[in-house]
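Step one of this worksheet: look at the structure below.
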Amino acid sequence: MQTGVLRVLPATAASWWRHRELRRTGETELARRLERKAVLRDLGYLRQAATLPNAHVICGEDGTFLHLGWNTVSSFAPIERFPLAALAVARGTPFIDIRPVTDVIAFANLPLVARGGSVDPDLSGAGRPVSLTTYIDMVEKLGAKVANDPRPRQSTWSPIFSPTHERRPAMARSRTPKLDASEVITNEIIRIIERGVLPWRKPWTAGGSSRPLRVGGEPYQGVNNFLLTMRTVMAGHSSPFWMTLPQANALDAKVRKGEKSSVVVYYGQSRKDAGDEDQHRENDDRSEEARIFRFQKSYRVFNACQIEGLPDSFLPDPEPAPEHPPSEPIPHMQAFFDAIDITTVFTGTEAYYLPPVDKVYMPSITRFHDPRNFYGVWAHELAHATKAPHRLNRDFGFSKFGNTSYAREEIVAELTSVFLGQTLGFTAHTLEMNAAYLYNWLRVLSSDKTAIFKHAADAQRACDYLISRSEKGRAGESAEAA
């Protein structure tokens with residue numbers, strides 16, 4: 001096995017495009033140093049995979065993830081094309097193949113594996129992490145295949161304790177633990193990404209609508225738009241309408257037995273009671289605005305396809321998808337983007353926003369076989385441009401490729417492209433879709449359960465800004481023409 005490791009890892013490092021390019025240009029010594037560094041790093045990963053509690057490999061449709069406590073090494077490829085993960089499994093790391101899983105909704109609702117290696121004798125509480133053995137019990141019931149099974153043969157589930165963790169006495173707890181909507185929703189998105197697919201990038205319409213709708217026909221916005229779009233695609237619903245159980249009952253309709261609801265959230269604000277004036281000091285200069293606080297609550301909804309007895313208007317017939325000639329502008333999309341007062345330069349093969357000159361650079365539409373992908377990329381880069389101080393002034397701190405600030409901004413740009421695409425008829429798209437892109441999402445979501453809510457709100461603001469600038473630009477063109 002040691003011989004295999006020392007053969008595979010150097011060969012893998014030597015195959016990287018950057019190292020090959022260095023050798024091609026004569027920088028052989030630099031290539032060797034970088035390859036050695038990569039091999040040493042991967043040897044460290046293999047040691048962690050063999051020693052860390054709860055370390056495991058999970059393989060989805062188009063992605064493989066080697067989970068090492070608080071670190072994750074990933075590839076946008078199956079395990080057969082990810083030598084590091086394959087070596088870890090060959091050396092005994094537990095392997096979970098989720099490609100046979102068909103119930104993606106149930107899989108997305110599974111809890112996360114505890115990162116620190118501690119176990120969960122208490123399994124109550126939505127969104128709480130569980131031990132690897134408990135997780136395997138759950139995912140195996142959905143059809144996943146398991147190799148290097150860490151569960152003791154004599155029992156189905158047995159807690160595993162890290163040597164550095166002591167078992168604490170059980171404390172009294174509520175039989176109905178409070179739902180942490182932020183954690184449940186974030187864990188759901190993480191599980192979906194771990195399958196190696198991004199459902200919000202799949203073209204879809206339901207009953208002629210490209211956005212999920214409330215029972216009254218109003219479109220959802222922000223994070224609820226994103227969540228229900230994702231769930232509509234995964235479940236294959238043909239209706240855009242979502243409603244609560246009381247709303248369905250009010251229409252003399254019934255949710256089918258066994259159907260699962262989807263968690264969505266809403267935000268409100270409340271004025272804090274000032275109480276008796278005697279309780280405050282005379283020099284208390286806090287304003288009324290300071291006593292208003294925002295809150296988040298969650299509720300559950302069902303798609304109309306999950307409900308029996310609804311009027312036919314909630315189950316509209318699908319509309320045929322429009323066809324567009326390859327590599328040619330789509331008139332209404334081109335008019336929308338041309339009217340936005342952010343300079344775009346069409347040149348080269350890369351797409352990016354350059355803050356110092358406040359310009360977006362894009363390849364020509366002739367480089368895109370599907371013109372909708374061209375507009376998806378353009379929307380992504382214009383979303384980055386909205387962060388400028390004279391626009392929305394969005395700042396996550398110092399940003400460089402690969403750091404957390406960069407990852408957060410990428411999520412905002414992706415969601416902006418999703419929301420804008422629902423209005424115009426394209427889907428989010430980037431020129432590169434690789435493991436690093438997925439890792440951006442996983443790193444941010446894993447470290448901050450509120451991130452998707454904050455960044456969906458940022459994206460909605462960016463989308464609204466671009467729409468307003470386009471409308472203003474087209475109005476000005478019409479006035480000039482008149």
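The values are calculated or read from the model by the stated rules, or taken from the named source; none is laboratory data. Note that the structure is a prediction, hence the values are computed from the model and not measured. Every residue, glycine among them, receives a Cβ derived from its backbone with ideal geometry; neighbour counts consider all protein chains shown. For accessibility, only protein heavy atoms count, side chains too; no ligands or nucleic acids. Shrake-Rupley method; radii C 1.70, N 1.55, O 1.52, S 1.80 Å.
Annotations for the structure displayed:
- Distances between placed amide hydrogens fall under 5 Å for Phe346 paired with Met362, all partners being 5 or more residues away or on another chain.
- Solvent exposure of region 12-105 as accessible area per residue, Å², 1.4 Å probe: 51
- Relative contact order %, region 330-394, counting alpha carbon pairs below 8 Å whose residues are six or more apart: 27
- In loop segments of region 1-74 as defined by DSSP, the GluC sites (Glu not before Pro) with at most 14 further C-beta atoms inside 10 Å of their C-beta are Glu27, Glu61.
- The H on the amide N of Ala388, modeled in the peptide plane, is under 5 Å from the matching H of Asn393, Arg394, each at least 5 residues off or on a different chain.
- Packing around the peptides 330-343, 365-378, taken as the average count of other Cβ atoms within 10 Å per residue, puts them in this order, highest first: 365-378, 330-343.
- Percent carbon-and-sulfur accessible area, region 301-420, ignoring ligands, DNA and RNA, probe 1.4 Å: 53
- Here the 3J(HN,Hα) profile of region 129-140, calculated from phi with Karplus coefficients 6.51, -1.76 and 1.60 at θ = phi - 60°, is x, 10, 6, 4, 5, 5, 4, 5, 3, 6, 6, 5 Hz, Gly and Pro shown as x.
- Protection proxy ranking, highest mean first, for peptides 402-410, 143-151: 402-410, 143-151, where packing is the per-residue count of other beta-carbon atoms within 10 Å, averaged.
- Under 5 Å between amide hydrogens, built in the peptide plane, is the criterion, and for Phe241 it picks out Leu213, Ala304 among residues at least 5 positions away or on other chains.
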